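A.B. asks: Have a look at this one.
The values are calculated or read from the model by the stated rules, or taken from the named source; none is laboratory data. All figures in this text were calculated on a predicted structure; none of them were measured in a lab. Virtual Cβ from ideal backbone geometry, glycine too; neighbours counted across all protein chains shown.
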């Protein structure tokens, strides 16, 4: 039940300038305490959206430069009654004073929330975590799992965040791009809400979905936390430690993540078919035992933040990432149908290491007249050292013996500047420019020896404008990109222009729809451009292609959303067309098969799906379900392929007092690109968590009804095709234990956060 308060403001004084008109007020709850982070929407009397904001830490809000007219303020916050304020005949500034927002529990008795804690529009969803979801969660990733946001999926193995339909996702904290380690370091209690934006735009790497965490922060005080996950069956685990302390205008924070994955029960089977130029056909079968695959990862970061209210902010971060895959060994048998009596012993060994230290400098300043500027500079050094050997033995005699080593060094500097200008009626202009300069020096040792030096520069600019036209909201934008590459005394320069648009309409409180389209550019990576031979085995070579050129991708999507009470239903259709895409290309050379890259004809993907979210029922139960269908058309230089695949996602959670029970079944749709098919991951799990004050204990059963965990790959090439089965028994019938402990101290405040964040992860090594 919603309380509706009608306030008629008689404004009898002479009108002042339109630019001087404003609406402001202060929000308090039933205990006369400031109501922070409440949503305030300014709309016309026919419900047409004009502007929106949230109250600050003191409950204050202000709308500036409001034109004369008839308006309605809609004030809402989770756990509180919605407040309506009519402003008819508005023609001068209005100070509404102190407004009391009633606690919903005053009307609802024991039930605090009767409707869904998710508010959806055509292009975004706002999710407000309730007390039970916060108490049940160990960190920011775990909270996302309990919120069950449509299209967003948290994989229990490694706690990775993705989409259930194969789309790209970008994570943000208060609007700036963030790593998953930063999200993992978030304490659930400091998360005010989660915003999920479809097609967020060029500033966010043209991702399909942006998940943005809006935080509460500390004025004086801080927090400390530990979060860990460990498999009982294997040595797979991750452990995170984080903390922050605030004093005055300064904040110092740190995070450290250590991950270890050691799998003992692994094996694979690979069936290959080779068609030679002289008409011969060679069928090869490879069975392999994978002995103790290891992956060790260490991530650390320390950050200093200085800010003066809404005036400016300086943020300095330094960190590193170290990824080590030591002594990876595959041993097995290699035999052919053509020579059944000749069985070859096969040994494939590798040791890979990648270290990336970086420094991140960020500055932002708010200017007069709704203007904002920001600057970001990131310096990165990537050191790579990879070693490998491949051997084949026949009757204990080595018939194939290859070795290789790569010593790679890459230096890069990324800079970005952003300007924003706000106008009346919620219109906003955003413009930015970015530049990346990198230098790569790779030395290839072993059976084949090379040295490559490469200079590369990316310079881009983008602008977009948001506004309203009648009952429609729109966005138009344009980006331009210059790519320059110099390698081996030759340099190449290309230009690309990428327009984009979006159009949405909210029909009523239940129905909304949106139409989006954009044209983007994909550029070849440094490794794809490197014309260096790497011997894979006795028949195959891996080689880049320096003649690759960037290509265009055209995307279009339509979404229809329905929201009523505890029910949220979403329908979507996405279409993607790539013109001259870079895809794997195989050709024959001197009785060898070269795996390279080429600009092919075209690639198309059509996705359709539906998501349903219900909750919370009886303030305890939350349900989510989704189905998807993906169709692929791949047209290469010498092939045409078509693939059709289905996916399904089912989730349920029961939250009673300090106990949380969860169940999930997930089957990703198959992924296909070029000629490579990857079967969608299929898993199910049951989880239980129990909170004891500041400690959260949990157990998860991963695939308890599966005897094996298997992934398959298929390469549909006419010259060198294969089918590959990959089995990991460590993730079948697995038991995982979780432990988290979080403590905070001090008083809350709302701080500004970075609007952008850049990083370089391309090592330039094949």
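A.B. asks: Just to check your reading of the model, which residue among 737, 720, 732 is assigned by TED's automatic domain parsing to the domain that holds residue 230 and over 30 Å from residue 334 (Cα atoms)?
C.D. replies: 737
A.B. asks: Between 432, 460, 422, which is closer than 30 Å to residue 67 by Cα, crowded, with 16+ Cβ neighbours inside 10 Å and free of Cβ contacts under 8 Å to residues at least 60 places away in the same chain?
C.D. replies: 422
A.B. asks: Check every one of the strands (runs of 3 or more DSSP E) wholly within the stretch 75-154 and list those with 2 or more residues that are under 24 Å from residue 659 (Cβ atoms), assigned by TED's automatic domain parsing to the domain that holds residue 669 and modelled with pLDDT of 65 or more.
C.D. replies: none
A.B. asks: Would you confirm whether or not the stretch 187-210 contains a residue that is in the same structural domain as residue 77 (by TED's automatic domain parsing), at pLDDT below 85, touching a strand residue (DSSP E or B) at 6+ places or on another chain (Cβ under 7 Å) and part of a strand (DSSP E or B)?
C.D. replies: Checked against the condition, which is being in the same structural domain as residue 77 (by TED's automatic domain parsing), at pLDDT below 85, touching a strand residue (DSSP E or B) at 6+ places or on another chain (Cβ under 7 Å) and part of a strand (DSSP E or B), the stretch 187-210 yields no hits at all.
A.B. asks: Among strands (runs of 3 or more DSSP E) lying entirely in the stretch 545-612, which contain 3 or more residues that are closer than 27 Å to residue 276 by Cα?
C.D. replies: In the stretch 545-612, 582-589, 592-599 are the strands (runs of 3 or more DSSP E) which contain 3 or more residues that are closer than 27 Å to residue 276 by Cα.
A.B. asks: Among the residues in the stretch 546-566, are any modelled with pLDDT of 85 or more and more than 30 Å from residue 199 (Cα to Cα)?
C.D. replies: Within the stretch 546-566, one or more residues are modelled with pLDDT of 85 or more and more than 30 Å from residue 199 (Cα to Cα).
A.B. asks: Also, quick follow-up: Determine whether residue 233 is in contact (Cβ under 8 Å) with a residue 60 or more places away in the chain and not assigned by TED's automatic domain parsing to the domain that holds residue 701.
C.D. replies: For residue 233, the condition - in contact (Cβ under 8 Å) with a residue 60 or more places away in the chain and not assigned by TED's automatic domain parsing to the domain that holds residue 701 - is not met.
A.B. asks: Ok, one more. Residues in the stretch 314-328 that are at pLDDT below 85 and buried (at least 16 other Cβ atoms within 10 Å of the Cβ): how many?
C.D. replies: Result for the stretch 314-328: 1.
A.B. asks: Right, something else. Counting only residues that are assigned to a helix (DSSP H, G or I) and in contact with a helix residue (DSSP H, G or I) (Cβ under 9 Å, 6 or more places away or on another chain), how many does the stretch 378-425 have?
C.D. replies: Going through the stretch 378-425 one residue at a time, the tally reaches 1.
A.B. asks: Check off (1) under 30 Å from residue 665 (Cα atoms); (2) surrounded by 17 or more Cβ atoms within 10 Å (Cβ to Cβ); (3) modelled with pLDDT of 85 or more for residue 242 and give me the number that stays unchecked.
C.D. replies: All conditions are met except number (1).
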